[in-house]
Amino acid sequence: MAHAVKELFPDTKFAIGPAIQGGFYYDFDCDHAFTQEDLPRIEEKMKEIIKANKPFVRKEMPKGEAVKFFQERGETYKVELINEIADETVSLYEEGNFIDLCRGPHLESAGKVKAFKLLSVAGAYWRGDEKNKMLQRIYGVSFPTKDELKKHLEFLEEVKKRDHRRLGKELDLFSMNDDIGSGLVLWHPRGATIRRAIESFWLDEHYKSGYQILYTPHMAKLDLWKKTGHLDFYRENMYSPMEIEGLDYEIKPMNCPFHVYIFKSQLRSYRDLPLRFAELGTVYRYERSGVLHGLLRVRGFTQDDAHIFCREDQIENEVLKVLEFTLFILATFGFSDYDIYLSTRPEKYVGTEEAWKKATDALQQALTHKGLKYEIDPGEGVFYGPKIDIKVRDSLGRQWQCSTIQVDFNIPERLDITYRGADSKDYRPIMIHRALMGSLERFFGVLIEHYAGAFPLWLSPVQLSLLTISDRHVEYCRSIMDSLIKEGIRVDMDGENEKIGYKIRKAAVLKTPYMCIIGDKELENNIVNIRKRNGENVGEMSVEKLIAFLKDEISNRRKS
């Protein structure tokens, strides 16, 4: 692709062009503004290069020589990259009259490329930094066969149909507005109803599992974040401090320090442990504008956060309980396929190697005890301790990061929290951070795409639509609606003077799980005629049976 772009636009400078999950991209610095209309033209040039079938030839050069080589060609981005390479020599690959900096390896020749497609054009800052120049990025994909490419393009079409940003607008769930600020979510009534259903379920299950619910402030003194170490390790993701009465305050990127101070507010005994605090806490993190993406990457979001304070001998059992709780929550939302990763000590960390080993061993033993398969993710732990990440796979097989369990021996030390042991001495508790869904915003976006907006009954903003055939059925319809509302069922009524086919289509577009069509027969026999959103007829039943039918499905949280 880079060769083709150089042929068509000779003044182009090249930045980076890696293979990524789902294809490849290349970033270009070019005076010509690429559009979707340019992609077929570039593809045609690529086909010519493939047909010529020139070999990919590896060349090695001393760094100094390579710098001079690319300077002479005006490739400033390559020069910057070469200067950061630690090796004394670098590798280049030549294909025909095109040469590029690359580690390789490559196919033998261009003719080995069989099936490809250029997908889209986007902007990308050099090195991902908005202070740098905006480059142009072209995405593409390649497969060994045309059949595999065809299947992948069909998959991408399905992904496009499920895009939560499009469905969020169509289903009137949420919006974002630049006048308010990028990455900040406005929850519309329908979306807020789903969020409330998620939160209510979350709260009920946490009470059952022995958690105590907290509420904490949205900001704190800047000194707090210095004490915890967040200012040292997390500064680039925090907003600028604000001054209040001569003191610097910071809006919170985390909930954990607040939970620690609630623990610290009174003397704790070994008998009190484990102590489980949970909060649906809204936090704020500075995400660069280039990475913001609907609900999946935002600047203000609510974590389903919890912190467990326990003794060292309780870690494994508490992690085991959290694992069981996590898998139950995920399964309830329809996620039974997932990948588990155990992330170990990173380069920058706090605490002793001995403490890290104990914590990592406890996580590993809990996973083994539960019989869960997992992969080691070396060096990907957080600075204060190792962690378990659970990445769910949605209905299209895509992987999403949701749940995390982290062991922390840093904050208890830094904020000096203790409990009184059986021997009347003070001991340092271990702190376990955990989030089951991650952020509600991100989880909600994943749910939209997982279900393609067709939520199960218990989550649907409207669970049943009552549709009248004519005006004379409106009064009966209202009486049914009143009965359903009293039973806690979310229902709406379409009594407008429109054809019934139009009303059915309206309800179907909003992906309402059930519809009741009310006509003369239903009015005369005091019944309803119920059908699913996919057009399947459930049949006739009394209003009492309808209520029982819906409540049974709602309470069991089955997928309708």
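Bear in mind these aren't lab numbers, they're just calculated from the coordinates by the rules spelled out. All values derive from a computational prediction rather than experimental measurement. Cβ atoms come from the backbone with ideal geometry, glycine included; neighbour counts cover every protein chain shown.
Add -39500 (n - 2.57) for each DSSP H run of 4 or more in the chain, then divide by its residues: what number comes out at 222 nm, to the nearest 500 deg cm²/dmol?
Details: 18 runs with 200 residues, N = 560.
About -11000 deg cm²/dmol.
With a Förster radius of 56 Å applied to the beta-carbon distance between residue 196 and residue 109, the computed FRET efficiency rounds to 0.40.
What length, rounded to one decimal in nm, is gained on full extension from residue 265 through to residue 232, with 0.36 nm per residue of separation minus their alpha-carbon distance? Mind dumping the intermediate values first?
Details: separation 33, 0.36 × 33 = 11.88 nm, distance 2.58 nm.
Taking residue 265 through residue 232 to full extension adds about 9.3 nm, to one decimal.
In order along the range 333-348, the Karplus-derived 3J(HN,Hα) couplings, from 6.51 cos²θ - 1.76 cosθ + 1.60 at θ = phi - 60°, round to 8, x, 10, 10, 10, 7, 10, 10, 10, 9, 9, 9, 4, x, 5, 9 Hz, and Gly and Pro are given as x.
Residue-wise HN-Hα couplings along the range 229-241, as the Karplus relation 6.51 cos²θ - 1.76 cosθ + 1.60 with θ = phi - 60° gives them from phi, are x, 5, 5, 7, 9, 10, 4, 5, 9, 10, 7, 5, x Hz; Gly and Pro carry x.
In square nanometres, what is the average projected area of the Cα convex hull of the range 464-556? Average projection, Cα convex hull of the range 464-556: 5.4 nm².
Of the residues 74, 62, 451, the one whose Cα sits farthest toward the positive end of the charge dipole of the chain, with +1 on the Cβ of Lys and Arg and -1 on the Cβ of Asp and Glu, is 451.
As a rough guide to protection, the peptides 363-370, 420-427 ranked by mean Cβ packing within 10 Å, highest first, stand as 363-370, 420-427.
Going through the cross-link list 348/391; 321/486; 160/208, which pairs have a Cα-Cα distance over 31 Å in this structure? Could you put the intermediate results ahead of the total?
Values: 348/391 24 Å; 321/486 37 Å; 160/208 39 Å.
As for pairs spanning more than 31 Å Cα to Cα, those are 321/486; 160/208.
Couplings 3J(HN,Hα) for the range 250-266, derived from phi with the Karplus relation 6.51 cos²θ - 1.76 cosθ + 1.60 (θ = phi - 60°), are 9, 5, 7, x, 9, 9, 4, x, 5, 5, 4, 6, 5, 4, 6, 6, 8 Hz, where x marks Gly and Pro.
Based on Cα coordinates alone, diagonalise the gyration tensor for the range 2-156, multiply each eigenvalue by 5, take square roots, and list the semi-axes in whole Å, largest first. Intermediate values should be presented prior to the final figure.
Numbers: eigenvalues 130, 77, 43 Å².
Whole-Å semi-axes of the equivalent ellipsoid: 25, 20, 15.
Ranked from largest, the principal axis spans of the Cα set of the chain equal 88, 75, 53 Å. Annotation: peptides 334-341, 24-31, ranked by per-residue average of other Cβ atoms within 10 Å with the highest first, follow the order 24-31, 334-341.
Classify the range 23-68 from the C-alpha gyration tensor, please: rounded if a/c falls under 1.5, else prolate or oblate depending on whether a/b exceeds b/c.
Details: a/c = 2.97, a/b = 1.44, b/c = 2.06.
Note, shape of the range 23-68 comes out oblate.
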